[in-house]
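J.: For reference, the structure I am asking about is given below.
The values are calculated or read from the model by the stated rules, or taken from the named source; none is laboratory data. Bear in mind that the values here come from a model prediction, so they are computed numbers and not experimental data. As a convention, Cβ positions derive from the backbone with ideal geometry for all residues, glycine included, and neighbour counts pool all protein chains shown. What goes into the accessible areas is simple: the full protein's heavy atoms, side chains included, and nothing from ligands, DNA or RNA. Shrake-Rupley method; radii C 1.70, N 1.55, O 1.52, S 1.80 Å.
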Amino acid sequence: MITFSRATQLVKMLGARHARIATAICLCLTGSAVPLNAQNSVVFGNAVITPGLQSQGFTITTSVNQTDTTSSVTYNITPPDNYVVNTETIVGQIGIQFLVPAGSQASGTATITYTGWANVLGAASGGFFASGGYNGGAGPQMVNFSTAAGAGTLSFYIAGTTIGGSQPAPASSITISLDIGNPRHGRKAYLNDYLGMGKTNYAIWRPSEGNWYLDLINQPSVVAQWGEPGDVPAPGDYDGDGITDLAVWRPSDQVWYIILSGSGQPIGVQWGLPGDIPIIGADYDGDGRTDLAIWRPSDGTWWVQFSSTGEVVVTQWGVPGDVPLVGDFNGDGKTDYVIWRPSEGNWYVKFSGSDQATVYQWGLPQDIPMPQDFDGDGITDYAIWRPSDGNWWVKLSSTGDVIVAPWGLPGDIPVSGDFDGDGKADYAIWRPTEGNWYITFSGNGTSTVHQWGMDGDIPNGEPVMSILNPQQ
């Protein structure tokens, strides 16, 4: 459903020339799923007091504090005057709901602390699997939880513990702190997810026109004019809302032209010099937002501006002739500095946030590197596509297994993405002579053919192909 009032506002802001992009943004805003983090996936419900005790004057107030990765709620419980609480007293129930988008999972630990007589009893429900304490006793109690996509509720019962004799119970409190770890764990943010549903959409950028053509399954397709001939497509999630933003990098002025899907705001940021290579879809500080980054072939330096702090980081990694890549090879939620050296077939990886590095041989000089997470473990796998025979060679990080998958023909363009939303990269190629996408889904092994695009287009703003084939 298109929100026409928002579209009208954006048309006025961008001008008639960009009217179609306003429609595209509004389509993005209607997506029901959002990136998994504590602030938008955890909903603390009010504690429900047992009816009999509520009538006697029990009250419970709540105080919630949330960040990207942690949430905590304190329930302040006040019994009526002179009320004696014992171990048989069930005061009420707490329900904590998780709203988990497709392709994600919520997992982590709930730490429960309390003062006074209050304690918790309970069990996980709604698709959660829990283990640990929550059965009384002194000190913090721990509950481990996990759930797949969908809505689930972690339930606790507020109970009483004996405080000695028949003393009236003072006010008490229960604090439940949740840590869901890396907010992106279990959901790799692939490019070209224009609805925020955890799936890659079919998208092409037409250099001859500067138009984006988006095929949004079960939604109206979109043609969006953003960019001009000579630009480099640079889609990414620059505002961290889980929806891909349309963006280009213009070599003539080294400006990144971006439309933020969350607000509809168009921005332009100068970053780079003539001859630089823009790095597409990278998040070096792990805050869930795409960072502005370039690699300078003349001296092998990376220039990165962190979206979280604005800090500029310059890292020397690579030599002229290398191919800069994007990947998280240690699973810490941050993009690493990665180059592939065609002359050797070697991958040179410098892990983000440390001085550690590794060199791994995988591929031949004429191969095309396609780093993705094929096994869904949150770690980028070494992978190449061989144009001479159409084979994918993948080294799975989880097991070390080598997968050789024949998929494609000479002349095809390999494409990155998770088209079925299962958290694993699919084998996908785009055939320029037909405009067809050929995809084998990682979830069930089935395949599909989808027509979208024409010869000369760049599928999904594919960054590797933009580097290897600059004439496109």
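J.: By the gyration tensor of its Cα atoms, with a ≥ b ≥ c the square roots of the eigenvalues, what is the shape of the range 277-430: rounded for a/c under 1.5, prolate for a/b over b/c, or oblate?
T.: prolate
J.: What shape does the range 172-313 have by the C-alpha gyration tensor, where a ≥ b ≥ c are the square roots of the eigenvalues, rounded means a/c under 1.5, and otherwise prolate means a/b greater than b/c and oblate the rest?
T.: Note, shape of the range 172-313 comes out oblate.
J.: May I pose another question? Excluding Trp347 itself, calculate the net charge of residues whose Cβ lies under 13 Å from the Cβ of Trp347, where each Lys or Arg counts +1 and each Asp or Glu counts -1.
T.: Here the count lands on -2.
J.: When the Cα centres of the range 414-454 and the range 341-411 are compared, how far apart do they sit, in Å?
T.: Here the two parts' Cα centres lie 18 Å apart.
J.: Considering only protein heavy atoms, what per residue accessible area in square angstrom results for the range 232-272 with a 1.4 angstrom probe?
T.: Working: 1140 Å² over 41 residues.
Per-residue value: 28 Å².
J.: Can you give me the accessible area per residue for the range 359-472, using a 1.4 Å probe, in Å²? Present the calculation step by step, with values, prior to reporting the outcome.
T.: Details: 4540 Å² over 114 residues.
Normalised by residue count, the accessible surface of the range 359-472 is 40 Å².
J.: On full extension of the chain, what length is gained from Ser398 through Ala357, given 0.36 nm per residue of separation minus the C-alpha to C-alpha distance?
T.: Here the segment from Ser398 to Ala357 would lengthen by 12.8 nm.
J.: Shape of the range 209-249 from its Cα gyration tensor (a ≥ b ≥ c, root eigenvalues): rounded if a/c is under 1.5, otherwise prolate when a/b > b/c, or oblate?
T.: Because a/c hits 1.5 or more and a/b fails to exceed b/c, the range 209-249 counts as oblate.
J.: So for the pair Glu434, Ala171, with labels modelled 7 Å out along Cα→Cβ, what separation do we get in nm?
T.: The answer from the label model is 7.1 nm.
J.: Hey, another quick one. Given contacts defined as C-alpha pairs under 8 Å and at least six residues apart, what's the relative contact order of the range 295-341, whole-number percent?
T.: Result for the range 295-341 is 30 percent.
J.: Mind checking the dipole of the range 183-310: about its Cα centre, +1 per Lys or Arg Cβ, -1 per Asp or Glu Cβ, Debye to the nearest 20?
T.: Values: 8 positive and 16 negative charges, 58 e Å.
With only Lys, Arg, Asp and Glu charged at Cβ, the dipole is about 280 debye.
J.: So, one more: Quote to one decimal, in nm, the extra length available between Thr115 and Ser343 on full extension: 0.36 nm per residue of separation minus the C-alpha distance between them.
T.: Working: separation 228, 0.36 × 228 = 82.08 nm, distance 6.49 nm.
Going from the current span to full extension adds 75.6 nm.
J.: What length, rounded to one decimal in nm, is gained on full extension from Gln366 through to Thr301, with 0.36 nm per residue of separation minus their alpha-carbon distance?
T.: Net length gain for the segment: 21.0 nm.
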